[in-house]
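In what follows, a structure is listed as structure tokens, so that the remarks can point back to it.
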Amino acid sequence: MYSSKSGSVRRRRTPEQRQRLLARFHESQMTQRDFAVHHGIGMSTLSKWLRAEVKPKPPRVKFQEVVLPNTPLRYAVEVVSPHGWTVRLQSSSEVQTLSQVLQALPC
């Protein structure tokens, strides 16, 4: 990538190259500015690498499939109204009475 500020091409370094440069920096006893200039690294780039080195990475989230037990439904039919009432039928044989029950309720 071409940088219009300095007129130079920006280099992308591999993680291994970054680690080697950071190891050299720690051994060098140089200031960040001097090291960055000497190795052709932007000061902000070196600072970012150093911050990332100190900041621990969050652990990776691991997902695991959970198999739920096959439990029978407690109700054959359940009707929940936006008005706050609920009608539950224990068995499907009670479905014939459902229309009578619903007509009796406020809607």
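The values are calculated or read from the model by the stated rules, or taken from the named source; none is laboratory data. Predicted, not measured: the structure shown is a model, and the values here were computed from it. Here the Cβ positions follow ideal geometry from the backbone for every residue, glycine too, while neighbour counts run over all protein chains shown. Note: areas computed on protein heavy atoms with side chains; ligands, DNA, RNA excluded. Shrake-Rupley method; radii C 1.70, N 1.55, O 1.52, S 1.80 Å.
Give me the residue from the range 89-107 that is open to solvent by less than 70 Å² (accessible area, probe 1.4 Å) and not in a helix (DSSP H, G or I) and, out of that set, farthest from R74 (Cα to Cα).
Checking each candidate, the answer is L105.
Among the residues of the range 70-80, what is the count of those that are assigned to a loop (DSSP other than H, G, I, E, B) and either open to solvent by 100 Å² or more (accessible area, probe 1.4 Å) or in contact with a helix residue (DSSP H, G or I) (Cβ under 9 Å, 6 or more places away or on another chain) (or both)?
The qualifying residues number 5.
Just checking, does the range 47-62 include any residue being assigned to a loop (DSSP other than H, G, I, E, B), open to solvent by 70 Å² or more (accessible area, probe 1.4 Å) and in contact with a Pro (Cβ under 9 Å, 6 or more places away or on another chain)?
Checking the range 47-62: not a single residue is assigned to a loop (DSSP other than H, G, I, E, B), open to solvent by 70 Å² or more (accessible area, probe 1.4 Å) and in contact with a Pro (Cβ under 9 Å, 6 or more places away or on another chain).
Tell me which of these H39 doesn't satisfy, since it passes every other one: (1) at pLDDT below 80; (2) surrounded by 10 or more Cβ atoms within 10 Å (Cβ to Cβ).
(1)
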